[in-house]
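Notes to accompany the following structure.
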Amino acid sequence: MDHEEEYQEITHCGFVAIVGRPNVGKSTLMNHILGQKLSITSRKPQTTRDQILGVQTKGHIQTVYVDTPGLHKGQDKAINRYMNRTASSALKDVDVVLFVIDAERWTEEDDNVLAKVRYADCPVVLVVNKVDQLDDKEELLPKLAAFSEKMTFSQIIPISALRNKNLDRLESLVESYIPEGEQYYPEDQITNRSSRFLASEIVREKITRQLGQEVPYEVAVQIEEFVFEGATIHISALILVERDGQKRIIIGDKGAKIKLIGKEARIDMENLFQQKVMLNLWVKVRSGWSDDERALASLGYQDD
């Protein structure tokens, strides 16, 4: 009997956790895979504080990357405990784990991450980042052999996230693990995060990049206004610090530093939102916020 079945394309959708110790390039990796800046980056470790989802849809395959804070020991403030909980929770219910390390060295903090990924109920791919920084390229193979003895990884892939080296191979491998299933997000959506959240992260990135070691992690950014007026977005951001000295550093001599932070943040926001942005920044001292669970919750740092 002749009959024609309606053709329906089989879709795939899955979640990929990007984990590792602080400052190994997790956020840079996700940003380069997506071709879009979602996670903030700087030379300072622990700049990522929240799980950030980056959505990549290529036809019938949708891959949802979960960028996480670096897993670390010590620094027993509420903000650090929150970051560790956030990173650990990313290992649950994912289809692949990308364990990112620095090609130059394996540290005790890497052992700490390894202890957690051993129990992941899915393939664990060891991503050896920053291979372009090795002085002697002949070091790479012995290093990969040594890393392979740490545990049985599904694959070990050397990359340079910053230079886009070998990322196509990594993406192909990840896609091979993505199961059949209905896609969670529209094909043009690239993140689960709101525009307000992304704006606050951009301001925080510019602070960490501009001030290096001068201002530690007691800095938060709260968006107080995000209003569309015609072709312009008006954004007001409050920068919270813990001490008067930090406020003076961020403002700078005659306001020079905060003007530079604002200028760089506005440029990134206009690139991201594809609209003109009017940005106003203020700095306020709120003592002890980073070790106050209620203050953290009010700033959006809370477990789901």
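Derivation of every value follows stated rules applied to the coordinates shown; laboratory data play no part. None of the values given here were measured: they were computed from a predicted structure. As a convention, Cβ positions derive from the backbone with ideal geometry for all residues, glycine included, and neighbour counts pool all protein chains shown.
Label-point separation (nm) for Asn280 and Gln133, each offset 7 Å from Cα along Cα-to-Cβ?
4.0 nm
At a Förster radius of 51 Å, what calculated FRET efficiency corresponds to the Cβ-Cβ distance of Phe228 and Glu180, to the nearest 0.05?
For R0 = 51 Å, the calculated efficiency reads 0.85.
How about region 190-263: which GluC sites (Glu not before Pro) there lie in a loop by DSSP and see at most 13 other Cβ atoms within 10 Å?
Glu214
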